[in-house]
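Engineer: Pasting a structure here, questions to come.
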Amino acid sequence: MRLLFFAGSTREGSYNKKLARLAHHIAEANGIEGVFVDLKDYPMPLYNADLEAADGPPREAREFKALLGEYQGVFIASPEYNASVTPLLKNTIDWVTRVRAKGETGLEVFQSRVFGIGGASPGYYGGMRSLLTLRQILSVGTGALVIPQQIAIPRAANAFEEDGSLKDEAQQKLATGTIEALAIAARKFAAS
């Protein structure tokens, strides 16, 4: 059983990259194989149906969909932009759904694995509004199974220790519990 971790940000100092890396570390510390990837390695143009009609989905969308297909569980750390997900994250999901083999809907890669979500924000709500939107995009838009457990880190500028762990013990336990729940759900889903 393997888990994939990424953030909906390409910013080097992103709090959500820190959260995704922390989640990856938690998984590995618990004997769960996982990998962290950076969306900056999968640059895609803004989705445009004319561009798709002319050239098909970009190579990076095909590569990212193939990568998703290698893991039974996926953890996404979502920044919050104006009470929603980042354009980068939404665009990535949109392009991946457009990568279709003959007879496919493009949603199969979302419907055949389990997702966990989290967010970190300098604000009071810890990205909670982006998590509501992301949960809707994944579960309603793509038909994905998203576990109910999630982690929201408020005041993220001061939330992380130098080693990447969370200063607040309760938040660290919540992050650990979320990743453990994702691993359990992914294992059960893959076995069914």
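Engineer: Taking the conditions exactly as written (more than 20 Å from TYR47 (Cβ to Cβ), in contact with a helix residue (DSSP H, G or I) (Cβ under 7 Å, 6 or more places away or on another chain) and crowded, with 20+ Cβ neighbours inside 10 Å), does LEU166 satisfy them or not? I'd like the intermediate steps shown before the answer.
Structural biologist: Values: more than 20 Å from TYR47 (Cβ to Cβ): yes; in contact with a helix residue (DSSP H, G or I) (Cβ under 7 Å, 6 or more places away or on another chain): yes; crowded, with 20+ Cβ neighbours inside 10 Å: yes.
When the stated conditions are applied, LEU166 passes them.
Engineer: Then there's this: Go through the range 161-176 and report how many residues are closer than 16 Å to GLU28 by Cβ and touching a residue at least 12 places away in the same chain (Cβ under 8 Å).
Structural biologist: Qualifying residue count for the region: 4.
Engineer: Determine whether the range 72-82 contains at least one residue that is modelled with pLDDT of 95 or more and farther than 19 Å from SER9 by Cα.
Structural biologist: Checking the range 72-82: at least one residue is modelled with pLDDT of 95 or more and farther than 19 Å from SER9 by Cα.
Engineer: Across the range 112-163, which residue is surrounded by the fewest Cβ atoms within 10 Å (Cβ to Cβ) among those that are touching a strand residue (DSSP E or B) at 6+ places or on another chain (Cβ under 6 Å) and polar (S, T, N, Q)?
Structural biologist: SER139
Engineer: Run down ALA152, ALA190 and say which single residue is touching a residue at least 24 places away in the same chain (Cβ under 8 Å) and assigned to a helix (DSSP H, G or I). Give the steps one after another, and end with the answer.
Structural biologist: Details: ALA152 fails: assigned to a helix (DSSP H, G or I).
One residue alone meets the criteria, ALA190.
The values are calculated or read from the model by the stated rules, or taken from the named source; none is laboratory data. Since we're looking at a predicted model, the values are computed, not measured. Cβ atoms come from the backbone with ideal geometry, glycine included; neighbour counts cover every protein chain shown.
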